[in-house]
Ligand code: CUA
């Protein structure tokens with residue numbers, strides 16, 4: 001028991017189903033504890049019987065009637081009752097867990113790509129904006145998620161907030177998240193989807209509702225114009241090397257749809273879906289050595305850029321707050 005406790009105490013942090021910070025995760029953790037306690041009780045009984053069987057001195061005369069009752073009762077009836085109760089307990093949580101959330105509030109569309117998350121918010125008034133590898137959720141509100149995939153099967157899992165759900169090509173799956181605690185949590189892809197399967201992390205920020213509203217206004221705004229000569233030069237490098245064929249920067253004429261939307265890329269916490277921090281050196285590394293930083297990435301490494309060009313481009317992108 002002490003060992004179990006010691007192990008469980010370690011199960012804290014931004015990515016733990018045993019430290020729930022959302023309504024669904026709370027239900028799932030509750031179910032886990034019922035299952036774990038049930039399994040422990042059954043194990044203790046079986047062990048006690050095993051020890052008894054080893055220790056007991058065999059009697060010459062067996063009471064066959066008692067023995068048969070014991071085998072049928074303990075071997076068939078008891079497990080049937082226990083499993084039925086646990087199944088009923090599990091199923092009774094289903095209606096709560098598949099409750100999709102209000103249709104008249106903001107809707108979040110998540111697309112699992114190789115190997116990053118495309119996230120599009122659709123607000124009540126029809127405003128839309130897209131970002132990557134980041135979710136922002138207001139505390140105490142149930143937020144509907146619509147999940148798709150253009151390539152292979154992925155699975156979205158934010159253990160602190162809820163259960164997992166697959167993103168399947170040709171299908172739209174639905175779930176909802178309802179955070180109960182403020183904080184930064186981590187989501188992962190829980191379905192092997194190719195070489196960089198472990199390199200598609202999702203940062204989830206749970207904030208108070210007013211902060212969420214302010215954030216949606218910032219994100220909906222077009223990109224800020226480059227502020228310095230260096231950044232202006234970076235914007236020209238972006239155009240000259242055709243980056244806009246794959247990336248959108250709203251407010252400019254770059255409207256590519258293949259890669260992540262970069263309108264406010266400088267405001268995100270990291271780059272490359274949890275691989276690099278978000279600063280100028282990280283942008284330089286990502287752009288010039290993409291395929292080494294992220295094996296299998298569809299973006300080619302732009303290792304032909306001269307150092308000053310690379311620096312200008314990185315500064316421009318970092319400035320897109
Ligand atoms: Cu996407 Cu694993």
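A few remarks follow.
- Taking the numbered list (1) within 21 Å of residue 116 (Cβ to Cβ); (2) without any contact (Cβ under 8 Å) to a residue 40 or more places away in the chain in turn, residue 304 passes all entries but (1).
- Qualifying residue in segment 239-248 (condition: out of contact with any strand residue (DSSP E or B) (no Cβ under 7 Å at 6 or more places or on another chain), within 21 Å of residue 145 (Cα to Cα), more than 16 Å from the ligand (Cβ to nearest atom) and not in a loop (DSSP other than H, G, I, E, B)): no
- Filtering segment 148-166 to residues that are within 12 Å of the chain's Cα centre (by Cα) and within 16 Å of the ligand (Cβ to nearest atom) leaves 154, 155, 156, 157, 158, 159, 164, 165, 166.
- Residue 298 passes every criterion in (1) part of a loop (DSSP other than H, G, I, E, B); (2) touching a strand residue (DSSP E or B) at 6+ places or on another chain (Cβ under 6 Å) apart from (2).
- Helices (runs of 4 or more DSSP H) (entirely within segment 21-100) containing at least 2 residues that are touching a helix residue (DSSP H, G or I) at 6+ places or on another chain (Cβ under 9 Å) and over 23 Å from residue 157 (Cβ atoms): 23-55, 78-92
- Taken together, the residues in segment 262-283 that are surrounded by fewer than 21 Cβ atoms within 10 Å (Cβ to Cβ), under 21 Å from residue 227 (Cα atoms) and free of Cβ contacts under 8 Å to residues at least 40 places away in the same chain amount to 4.
- Answer residue from segment 118-137, given it is in contact with a helix residue (DSSP H, G or I) (Cβ under 8 Å, 6 or more places away or on another chain) and outside any strand (DSSP E or B) and is surrounded by the most Cβ atoms within 10 Å (Cβ to Cβ) among those: 123
- In summary, residue 286 fulfils each of the numbered conditions (1) more than 21 Å from residue 116 (Cα to Cα); (2) outside any loop (DSSP other than H, G, I, E, B) with the single exception of condition (1).
Quick note: the coordinates plus some simple rules give every number you see, no bench work behind them. Worth saying up front: this structure is predicted, and the values here are computed from it rather than measured. Ideal geometry is used to build each Cβ from the backbone, glycine not excepted, and the neighbour counts take in all protein chains shown.
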